[in-house]
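A quick write-up on the structure given underneath.
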Amino acid sequence: MTPGMEGAALTTPAAIAVVPRTDLRAATAPVLLAVKRAVLLAAEVAGLWALNEAGQLIVTRLHLHFPGNVAGMLLLFALLCTGVVPERLFERSSSLLARHLPFFFVPIAVGLMTLGSTLLSQGMSLLLVLVASAAVGLCAAGWLAQVLAPPARKERP
Amino acid sequence: MKAALTLYGIAVTAGMYALSRRLSRRWPSPFTSPVFFTTSATILVFLATRVELSDYAQAKEILTFLLGPATVALAMPLYRNRRLLVANLVPAMAGLLAGALGTMIAAVALARALGLSRTIVVSISIKSVTAPVAVEIARMIQADQTLTAAFVIVTGMIGVMLGPWLLDRAGIRSPLARGLALGTVSHGQGTAQAALEGELAGAIASIALGVAAVFTSLVAPLLLPYF
């Protein structure tokens, strides 16, 4: 609506009916935008779901001893590298899923509630295994990468 | 009744998760991290309100539905940082393979030496892989998914609490090496920690997380007979 029409809208009976309608439209605009965003997001997630299913299918069909979801990930990586899928296509859904990844596997860990006593009796051994093996992995990866990496640029004169 | 319990299970999990996000922002610590806090708080609420694990089965099915798509989405950071990997191919891949294999062999050897059961040995072998992939490998190698998930979570916490200190002690100062080590061993939480140290460390950690997941997926089933 043009600014000049505002005064007219209050006086002419025909326009009075128009005013609330535009108000309504203005009020629903953010809602419509949110709905549009949600639909687009759902479509993105559906695309990722389809890739996951494709990965599962490939693994079963080829009788591979390999997780289907990782096959789906490699599939998406290949599609991105070949340019079949543009990077921005899964931009929103991938960052959302990555941010809330913990939420999706917490329900599996909740199964611990029945394993509590077994784990507690062996708790020290398990913790020792986890800490020591993490330390071995951290040092092995860090040390080898540092030794093999070309010296950092700032060390040059 | 069953539907009500399922809804209750979902509500408790989601509520505790929302709470953990607030807590971790206010008091950042491995113990307020969303995974650890949500898991323990949900278990405590279930125990207090006498919810059986079988009552939660349906809710678990619904909530973990997005785990597959979330794994596929891990291709995005891998793709975004691919040039960094190519530029550092030799040190990154060598460090990654050494770290992923080293931590797996150390875990299996030590667990066996301590006389832990075979289920535990198999389940603990893949504890350095990001959770959604680890539970999928667990299914393949007949490990216990729940145990694996728990070991993965604790490994993430160890990486955050112990990782930076240990790397300092070992004289590993290059951001590339630090990020790589944290991402390879402590997956998501290690990557978050590496990102705090700097952009390069965070980027290489997110690559390490993805590549280590692929590598362990390939290697774990092959090594299974020797575990």
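See the values below:
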quantity	calculated
Scan of the stretch B:57-89 for residues that are within 16 Å of A:Ala42 (Cα to Cα) and not in a helix (DSSP H, G or I), ordered by number	B:Ala73
Helices (runs of 4 or more DSSP H) contained in the stretch A:74-157 and holding at least 2 residues crowded, with 19+ Cβ neighbours inside 10 Å and at pLDDT 85 or above	A:91-99, A:101-109, A:123-148
Members of the stretch B:44-56 found to be assigned to a helix (DSSP H, G or I) and either surrounded by 11 or more Cβ atoms within 10 Å (Cβ to Cβ) or not assigned by TED's automatic domain parsing to the domain that holds B:Ala11 (or both), listed by number	B:Leu44, B:Val45, B:Phe46, B:Leu47, B:Leu53, B:Asp55, B:Tyr56
Evaluation of B:Val51 against (1) at the interface with chain A (Cβ under 8 Å from one of its Cβ atoms); (2) among the aliphatic types (A, V, I, L, M); (3) out of contact with any Pro (no Cβ under 8 Å at 6 or more places or on another chain); (4) under 16 Å from A:Val110 (Cα atoms) (one fails), failing number	(1)
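The values are calculated or read from the model by the stated rules, or taken from the named source; none is laboratory data. Predicted model, so just to flag it, every value in this text is computed and none were measured. Virtual Cβ from ideal backbone geometry, glycine too; neighbours counted across all protein chains shown.
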